[in-house]
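Notes follow once the structure below has been shown.
The values are calculated or read from the model by the stated rules, or taken from the named source; none is laboratory data. Owing to the predicted nature of the structure, the values given are computational and were not obtained by experimental measurement. In this analysis, Cβ positions are derived from the backbone assuming ideal geometry, glycine residues included, and neighbour counts consider all displayed protein chains.
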């Protein structure tokens, strides 16, 4: 659909004053002693020297045939420093106390920290800084406390850093701070990621802000850069059938499959250049920590749940997915090669089904998509775990590894989303349990944009949906299209707007706007319902009734079983004490109200069997659809008692068919033994 864009003239920047502060990794403020002298200087702790031999040992994977595309940038020192036994305390005149601890790892381009214990009281602040950088990390506050007790602090440029903890005079408890890991950056990750003298990724890589990425400005917001235990990789936020913004993130098994690693991982969003090749990307939007939800060594996927929901100021997008396993027409990958700003790779041809194997991993057979050749860009170390999108902009895989590089961009392998879905039944080894919590069984799901607000996913015919956009500043030309049967059909501006529909079914609400010179298009599906789709069927086995609910678009059900018993199950079974006729009714409730439907059910095989056509010139059919049986033996007899046709139904079928062609016209008797119960029917054969 082509929209005529209308300038809305809205001051939308005010909408972003509400930020989920808890999700931010730091909360602002200033340390006390970065640029001021203290009475007591903290004792500097020096780590063992990190040398090129250690570096060589770390980077030996490639020599032994490992083709995975994560990448190590730092050496991990295991340490044991704590607020109780290390550093120095100083009491200020106003009653506050300050703890400082300094550490140096000679030659490091940057240092990162991982706390095994991080619990600080309300009102306290923690900062990290050094003398080589103007950047101050923090403050970190009680809002950064996590259930796991773990917390990671992003790398700070330079080979020395100081931790400064400021505690009010009165607190509910004393801080618990223990450092278990210090990360020594030996690859100059700051210069690489800042795009200065040394370029992080190969020259063939294409910025997501270049023209090749114009059609992917929505999906790019799902992709993040990951730092974990001295390594770098990529991942993507992914939608679930509740479409509620649960912060699930898809990456690879070989990237992360242990909870202790997930606890300390840092996830950076919107790390990208503002323009094509501008080299101004900033890692300023991050979240620390996650929970491992599902993974398996047999398939190269991991599903994480971030410690907090990304705030709207991060402009998050939860990508859609396709679990059908259908071969896509073409594919696109959005990723952070070598820890660089966000890049895009495009293959204009379909991938092929393949098996990934290298010196370290062999994943289940035919559970990978193989990209034969990238026409745009490539992938590198740091791209692992990045999403593979199909032509419909839905995720169909995550990157494992391969041979592709700027010199020869061929043979990359992505774990198939369709295999990760439910190849394994354990909920901790599959995506299905987490991404389809409503058990809808859908094969595809569109993405979810929390900046696109709708007050309900379904409404009754004629009732209003309320839609509203919460978008970043600089947005213009905003137009809504509400689709077929909508009143109104279109609207301009952020809203909120009221829209209703006069027909039932799935409806697509579409929003298009212009942001920083790029057209953004977002769509969400809603369902319009009524009370007409309530129905049920049934089958019996002796005195047991099995009800089959065929209703659509109802939220709850109540059954009256006709013998003073009721049930609120979707499709219950019930055993009656006596044979006979019972009135069974079903009441369904949804947003439109309640409605009921009833049936007279005869709990007797004899009343449930029907023969058609009868009379017949040759062929007869017996309807068995309402009964459940183990075995039926049957015979057809003349009016003198002579047997003319026999047979056995040994496995369940809805019908029994037989042909009396060649017999004389007249009356015949069908005799059936249904699991020991004898049933008879008259048959009239005519010429």
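At-a-glance table
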quantity: Single residue of 526, 475, 499 found to be surrounded by 16 or more Cβ atoms within 10 Å (Cβ to Cβ), within 28 Å of residue 320 (Cα to Cα) and in contact with a helix residue (DSSP H, G or I) (Cβ under 6 Å, 6 or more places away or on another chain); calculated: 475
quantity: Residue 228 modelled with pLDDT of 90 or more, over 28 Å from residue 443 (Cα atoms) and out of contact with any helix residue (DSSP H, G or I) (no Cβ under 8 Å at 6 or more places or on another chain); calculated: no
quantity: Qualifying residue in segment 173-187 (condition: farther than 30 Å from residue 515 by Cα, touching a helix residue (DSSP H, G or I) at 6+ places or on another chain (Cβ under 6 Å), in contact (Cβ under 8 Å) with a residue 60 or more places away in the chain and assigned to a loop (DSSP other than H, G, I, E, B)); calculated: yes
quantity: Contacts under 8 angstrom Cβ, first residue in segment 445-462 being on the phi > 0 side of the Ramachandran plot, partner outside any strand (DSSP E or B), 6 or more apart; calculated: 462/502
quantity: Pick from segment 329-340, criterion in a loop (DSSP other than H, G, I, E, B) and at pLDDT 95 or above, ranking: farthest from residue 397 (Cα to Cα); calculated: 336
quantity: Residue, surrounded by the most Cβ atoms within 10 Å (Cβ to Cβ), within segment 241-260, restricted to residues that are modelled with pLDDT of 95 or more and more than 16 Å from residue 388 (Cβ to Cβ); calculated: 256
quantity: Selection from segment 648-675 of residues that are more than 54 Å from the chain's Cα centre (by Cα), surrounded by fewer than 16 Cβ atoms within 10 Å (Cβ to Cβ) and outside any strand (DSSP E or B); calculated: 661, 662, 663, 664, 665
quantity: Among residues of segment 341-354, those that are in a loop (DSSP other than H, G, I, E, B) and either over 23 Å from residue 222 (Cα atoms) or out of contact with any helix residue (DSSP H, G or I) (no Cβ under 7 Å at 6 or more places or on another chain) (or both), counted; calculated: 5
quantity: Pick from segment 106-145, criterion buried (at least 18 other Cβ atoms within 10 Å of the Cβ) and in a loop (DSSP other than H, G, I, E, B), ranking: farthest from the chain's Cα centre (by Cα); calculated: 130
quantity: Some residue of segment 250-264 being closer than 27 Å to residue 214 by Cα and in contact with a helix residue (DSSP H, G or I) (Cβ under 9 Å, 6 or more places away or on another chain); calculated: yes
